[in-house]
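Chemist: Here's a structure for you.
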Amino acid sequence: METRNVIAAISLSAAVIILYSLFFAPPPISKENIEKTNNTEQNNDAPSIDQKENLIEISREEALSQSERVQFENQSIIGSISLKGAAIDDLIFKEYNVSLDSDEKVKLLGPRNSKNGYFVESGFITNDKNIDIPNAESIWSFLGDNKLTNQSSITLSWTNDQGITFEKEISLDDKFLFSIKQRVINPTTNEYDFYSYGQIIRKQIPDISNFYILHEGLIATLDDELIEEDYDDIQEKKFTKVAQKGWLGISDKFWITSLIPSKDKEFKTTFDYKDKFRANFVSTNPLELKANSSIEDEVKIIIAAKRVDVIDGYSESLDIDKFDLAIDWGFLYFITKPLFFGIDYFFNLLGNYGLAIIAITICIRLVFFPLANFSFRSMAKMKALQPEMVRLKDLHKEDKVKLQQEMMALYKKEKVNPMSGCLPILVQIPVFFALYKVLFVTIEMRQMPFFGWIQDLSERDPTSLFNLFGLLPYDVPSFLMIGAWPVAMGVSMFIQQKLNPAPTDPMQAKIFMFFPLFLTVILAPFPAGLVIYWTVNNILTMAQQVFIMKRTTVKTTN
């Protein structure tokens with residue numbers, strides 16, 4: 001019965017995914033909507049920030065050495081800002097390694113003329129063709145300390161031939177936030193209109209998970225609406241929206257590069273692809289630069305590892321609308337995020353995320369204890385009725401309708417619901433999905449060990465049954481990587497199956513015998529943390545089931 005319930009649960013899970021894609025996924029943009037978007041762009045007075053560039057691709061190291069730079073560093077990141085174009089195009093996370101067996105740190109950004117160019121820039125643009133504005137080739141000078149830290153800011157400056165000066169005062173906090181106060185100083189008698197802008201440019205699609213459970217690509221929340229555009233979507237169509245509030249960026253599985261425009265100022269966000277991916281905003285209302293005066297605007301840039309405390313902290317302290325959605329909690333947000341906080345609480349208590357998963361599994365079992373008790377009592381009665389059910393089947397084997405009537409009469413007489421065993425499984429499906437999501441998308445789980453051979457709970461068990469879990473000196477193909485924890489899970493499912501009433505049909509019984517093996521193979525590639533959860537959950541379920549069935553059996557005998 002329990003194994004059949006698991007199969008029903010998996011089928012229902014697939015149905016949930018299909019229903020979500022049908023009713024909740026963003027609808028495709030029709031030709032009419034594309035034309036409407038294009039008309040909106042044509043009627044907007046904000047200037048374009050397109051820049052024509054002829055770049056020769058070189059290595060990252062060569063590109064970094066080609067221009068003078070201002071270094072920055074705090075406890076979380078290290079990198080540099082190019083004085084050519086004043087772009088933030090070099091950033092390394094100090095606390096995160098590329099892999100478990102490497103000391104190389106994660107490099108996120110890269111200069112515009114490198115193969116993996118990925119950078120952020122901001123400033124002012126204008127519709128006036130008679131004024132020079134800084135571009136990608138402009139060489140900025142800098143004032144202040146030689147290094148940007150969380151203790152010292154820097155100021156970049158560039159002056160055009162008309163004598164108008166553009167300045168950027170850049171400060172850095174102790175984590176991932178760049179605050180840029182950008183000014184235009186006009187010593188002339190002329191007047192101009194300027195629009196502030198910010199943009200993120202990425203030349204290539206990174207290595208992505210390419211899995212439905214996670215969005216990687218261009219992202220924004222604009223006027224309370226979450227916008228998620230995949231790379232291939234933007235290659236096919238352009239996205240544009242005018243908003244009063246929000247943020248925009250490019251999201252990786254564990255990293256986010258984001259722009260936060262000034263508050264209370266309308267802006268137009270654009271996602272597009274023209275030999276490179278761009279996420280940018282332009283203010284829709286101009287700042288009037290009068291004679292012998294200056295204007296100022298502020299842009300915030302967050303280039304962060306997507307730690308929950310960091311993202312939520314910025315969302316709250318900077319009052320960034322829905323910035324917490326930079327972490328893809330999914331449509332089960334109301335379960336996934338509390339589940340993460342529960343696991344994180346036990347991690348702080350126990351010092352190990354594997355133990356935290358076991359602790360949260362016990363808590364989940366306690367929450368569902370009354371429901372499981374009801375289910376197991378019904379299943380125990382079903383098992384006690386097994387001989388009578390076999391007798392009825394033999395008696396009415398030629399009359400299926402009569403057999404069904406007699407079976408239903410037996411259930412009614414003994415007050416047994418044959419479907420009650422499915423209820424705990426169905427209720428726990430959202431929890432299973434939520435835990436999978438937590439393990440898959442949260443950087444806190446990345447490269448976190450358990451005990452023994454599990455060095456990363458967010459990855460599959462690295463051992464294999466087919467080389468006796470490493471005892472035999474050869475590697476096995478990835479499809480045969482069925483580790484020790486998946487095997488333990490399969491064994492626990494097989495034992496659990498023996499505790500439940502067997503199908504009365506012999507052929508059906510033989511088929512169900514193979515389901516634990518089938519599920520072991522299916523779940524072997526899943527994160528080790530999820531398999532640990534399932535195994536411990538099976539063991540706790542069996543203990544509870546044995547206890548309930550013994551009590552119910554004694555009562556039935558009496």
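Chemist: Provide a single number: the residues in the range 520-537 that are in a helix (DSSP H, G or I), of a type outside the set (A, V, I, L, M) and within 22 Å of residue 447 (Cβ to Cβ).
Modeler: The number of residues fulfilling the criteria is 4.
Chemist: Which of the residues spanning the range 148-172 are surrounded by fewer than 15 Cβ atoms within 10 Å (Cβ to Cβ) and more than 14 Å from residue 123 (Cβ to Cβ)?
Modeler: Selection gives 151, 152, 161, 162, 163.
So that you can scan it fast, the table gives a plain yes or no per residue for (1) part of a loop (DSSP other than H, G, I, E, B); (2) modelled with pLDDT of 75 or more; (3) within 13 Å of residue 529 (Cα to Cα):
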site: 393; (1), (2), (3): no, no, no
site: 397; (1), (2), (3): yes, no, no
site: 409; (1), (2), (3): no, yes, no
site: 420; (1), (2), (3): yes, no, no
site: 439; (1), (2), (3): no, yes, yes
site: 474; (1), (2), (3): yes, no, no
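Chemist: Considering the range 228-243 alone, what residues qualify as being without any contact (Cβ under 8 Å) to a residue 40 or more places away in the chain and in a strand (DSSP E or B)?
Modeler: Answer for the range 228-243, where residues must be without any contact (Cβ under 8 Å) to a residue 40 or more places away in the chain and in a strand (DSSP E or B): 230, 241, 243.
Chemist: While we're on this one: Can you tell which of 246, 351, 342 is at positive phi and outside the structural domain of residue 200 (by TED's automatic domain parsing)?
Modeler: One residue alone meets the criteria, 351.
Chemist: If residue 272 meets every condition in (1) surrounded by fewer than 17 Cβ atoms within 10 Å (Cβ to Cβ); (2) acidic (Asp, Glu); (3) touching a residue at least 24 places away in the same chain (Cβ under 8 Å) apart from one, which number is that one?
Modeler: Every condition holds for residue 272 apart from (1).
So that you can scan it fast, the table gives a plain yes or no per residue for (1) crowded, with 18+ Cβ neighbours inside 10 Å; (2) of a type outside the set (Gly, Ala, Ser):
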| residue | (1), (2) |
| --- | --- |
| 295 | yes, yes |
| 307 | yes, yes |
| 331 | no, yes |
| 340 | yes, yes |
| 353 | yes, yes |
| 356 | yes, no |
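Table: residues versus (1) touching a strand residue (DSSP E or B) at 6+ places or on another chain (Cβ under 9 Å); (2) buried (at least 18 other Cβ atoms within 10 Å of the Cβ).
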| site | (1), (2) |
| --- | --- |
| 146 | yes, no |
| 174 | no, no |
| 189 | no, no |
| 194 | yes, yes |
| 202 | yes, yes |
| 205 | yes, no |
| 230 | yes, no |
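Chemist: Let me ask something additional. Every residue in the range 327-344 that is touching a Lys or Arg at 6+ places or on another chain (Cβ under 6 Å) and closer than 18 Å to residue 259 by Cα, please.
Modeler: Hit for the range 327-344 is 327, nothing else.
Chemist: Give the residue, chosen from 450, 469, that is over 27 Å from residue 105 (Cα atoms) and of a type in the set (A, V, I, L, M, F, W, C).
Modeler: That would be 469, the only listed residue that is over 27 Å from residue 105 (Cα atoms) and of a type in the set (A, V, I, L, M, F, W, C).
Chemist: Consider residue 297 carefully, then state whether it is assigned to a strand (DSSP E or B), free of Cβ contacts under 8 Å to residues at least 40 places away in the same chain and in the same structural domain as residue 86 (by TED's automatic domain parsing).
Modeler: Judged against the criteria, residue 297 is not a match.
Conditions (1) buried (at least 18 other Cβ atoms within 10 Å of the Cβ); (2) modelled with pLDDT of 95 or more; (3) in contact with a strand residue (DSSP E or B) (Cβ under 6 Å, 6 or more places away or on another chain), marked per residue:
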| position | (1), (2), (3) |
| --- | --- |
| 93 | yes, yes, yes |
| 100 | no, no, no |
| 114 | yes, no, no |
| 117 | yes, no, yes |
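Chemist: Can I ask one more? Out of (1) buried (at least 17 other Cβ atoms within 10 Å of the Cβ); (2) under 20 Å from the mean Cα position of the chain (by Cα), the odd one out for residue 361 is which?
Modeler: Answer for residue 361: the failing condition is (2).
Chemist: Pairs needed: first member in the range 501-524, assigned by TED's automatic domain parsing to the domain that holds residue 488 and closer than 20 Å to residue 387 by Cβ; second member anywhere, among the β-branched types (Val, Ile, Thr) and at pLDDT 70 or above; C-beta distance under 7 Å; at least 6 residues apart or different chains.
Modeler: Listed pairs, sorted by first residue: 504/390.
Chemist: Right, another one. Please specify each residue of the range 194-218 satisfying the condition of being in a strand (DSSP E or B) and either at pLDDT below 95 or touching a Phe, Trp or Tyr at 6+ places or on another chain (Cβ under 7 Å) (or both).
Modeler: Hits for the range 194-218 are 194, 195, 196, 197, 198, 201, 202, 217, 218.
Chemist: Right, next: Say we look at the range 238-286 and pick out the residues that are within 30 Å of residue 92 (Cβ to Cβ) and among the basic types (Lys, Arg); which of these is nearest to the chain's Cα centre (by Cα)?
Modeler: 253
The values are calculated or read from the model by the stated rules, or taken from the named source; none is laboratory data. Keep in mind that this is a model prediction, so the values were computed, not measured. Glycine gets a Cβ as well: all are built from the backbone with ideal geometry, and neighbour counts include every protein chain shown.
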